[in-house]
Amino acid sequence: MVVHMGAAISTEPLASGSIEHMFESAGETHDGGLTPSAFLAGFTSLLGAASAVDTDPGRIDSVRVFEQAKCMLEAAQAAVAVAFDTSQRTEQQAAGVPATQQGRGVAAQLALARRESPYRGTQHLGLAKILSTEMPHTWAAFTAGRISEWRATLLARETACLDVEHRRIVDKELAADPDALEQMGDRQLVAAAARLAYQLDPHAVVARRAAAEKERRVSLRPPPT
């Protein structure tokens, strides 16, 4: 046994169907899904098993698996956030909340669940909605754990000035092949997205740069005493 995340974890190899068994035996389900405690118990067991390798090649493989799992969890968070936003807006609409106020408080609740600021909650929700509705190939790579939330953010950021049709062209060009996408570094990805965006709508790109330059400022503060 090894101790991981405060729990006793078995290091025995995972048997066929053991993932489902871990989740089912860890706690009761509700609303057709796992309780948080059930998910965490099963997931912690899996982490412990994957961490228990005793060879360096196996450790590198574990790091790679953990990275992919981390990306998939980020994407799962995004998907649940979009579903929560949709559900809340539907309830608010049924309750007679004006359209301009529907969705108020959603990002703050998500931020609280993520232990982040309301501002960051708004950013995460906005990215999730953009990826799931306007960038299908990037979204597919994200949900498959092929790219991280940060790399998805880079693609969304560099195409923010484009209309939906042009954004989807960039999305297809850069993310339709997840193998090629994975091989690109951050700088290469940003450069490729920026180049395609300029080819599709140079006026929008120039206007975005001008706006960014206009918003730049230099501030001074007294040194600490």
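Applying the criterion of at least 1 residues that are over 30 Å from GLN199 (Cα atoms) to the helices (runs of 4 or more DSSP H) found wholly in the range 77-188 leaves 106-114, 118-134. Here ALA113 meets each of (1) more than 15 Å from the chain's Cα centre (by Cα); (2) without any contact (Cβ under 8 Å) to a residue 12 or more places away in the chain; (3) not assigned by TED's automatic domain parsing to the domain that holds ALA197 with one exception, condition (1).
If you go through the range 55-71 one residue at a time, do you hit one that is closer than 24 Å to THR153 by Cβ, at pLDDT 90 or above and of a type in the set (Phe, Trp, Tyr)? No: the range 55-71 contains no residue that is closer than 24 Å to THR153 by Cβ, at pLDDT 90 or above and of a type in the set (Phe, Trp, Tyr).
The values are calculated or read from the model by the stated rules, or taken from the named source; none is laboratory data. Quick caveat, the model's predicted, so the values are computed rather than measured. Because the Cβ atoms are built from the backbone with ideal geometry, glycine has one as well, and the counts that use them run over all protein chains shown.
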